[in-house]
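Note sheet for the following structure.
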Amino acid sequence: MTMALCLRCGEMKFGAFCACPTCGVASTGNPQLDIRFSDHHFDSTSLSELGLVVKAICDATTDPEMRHWAFLSYCSTNHPSILKVSLTPDWQASTDSLLASLRLPQVTLRPSRQSLRNRAPLPEGSDGGRALLDYFKSLPATRELLKDTDIE
Ligand SMILES: [Zn+2]
């Protein structure tokens, strides 16, 4: 069973497209985005840590759009191996200023066992984050994902 992060409230849930037991929201509406934050890619500890970032953002604003884009902007800036987004200058400025006002928890991304099974091991002696990013870039499916989640 897939463990996934609810991007709406930051809690963990079963199934990337299943309703979150905490907030009731099932999906962001973008299946690739939902799967990105699941144990198809990252272990549950990494997802929980990302959940704390979602919760910190939710505590700071009630605007659902701002919550969504602030979190994706956070990921794009701090963990570009997850995804890259290009926001409009207005949105970038708003999300930057919101994120700068928060004390965000430390997040360490660890690939899930499932993701490791599906590809060759990380090169030895390489920096994990960098290697992970290179990995994702080397996968055809991920290149498409990166393109799709870029927002002009
Ligand atoms: Zn939720």
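Where a number appears in this text, it was derived from the coordinates with a stated rule and is not lab data. Note that the coordinates shown come from a computational prediction; the quantities given were computed from them, not determined experimentally. With ideal geometry, Cβ positions are generated from the backbone for all residues, glycine too; neighbour counts draw on all protein chains shown.
Observations on the model:
- 13 Å reach of a label modelled at residue 102, 7 Å along Cα-to-Cβ, counting backbone N of region 1-39: 7-11
- Chain lengthening between residue 60 and residue 25 when straightened (0.36 nm per residue, less Cα-Cα): 10.6 nm
- In terms of other Cβ atoms within 10 Å, 25, 107 run from fewest to most in the order 25, 107.
- The label point for residue 40 and the one for residue 78, both projected 7 Å from the Cα toward the Cβ, are 2.4 nm apart.
- Database remark: amide H of residue 3 closer than 5 angstrom to the amide H of 15, 39 (H placed geometrically; neighbours at sequence offset of 5 or more, or on other chains; Pro and chain starts carry no H).
- Among 17, 42, 37, the ranking by other beta carbons within 10 Å of each residue's beta carbon, starting with the fewest, stands as 17, 37, 42.
- In terms of other Cβ atoms within 10 Å, 69, 91 run from fewest to most in the order 91, 69.
- Summing +1 for each Lys or Arg and -1 for each Asp or Glu among the other residues whose beta-carbon sits under 15 angstrom from that of residue 59 gives +2.
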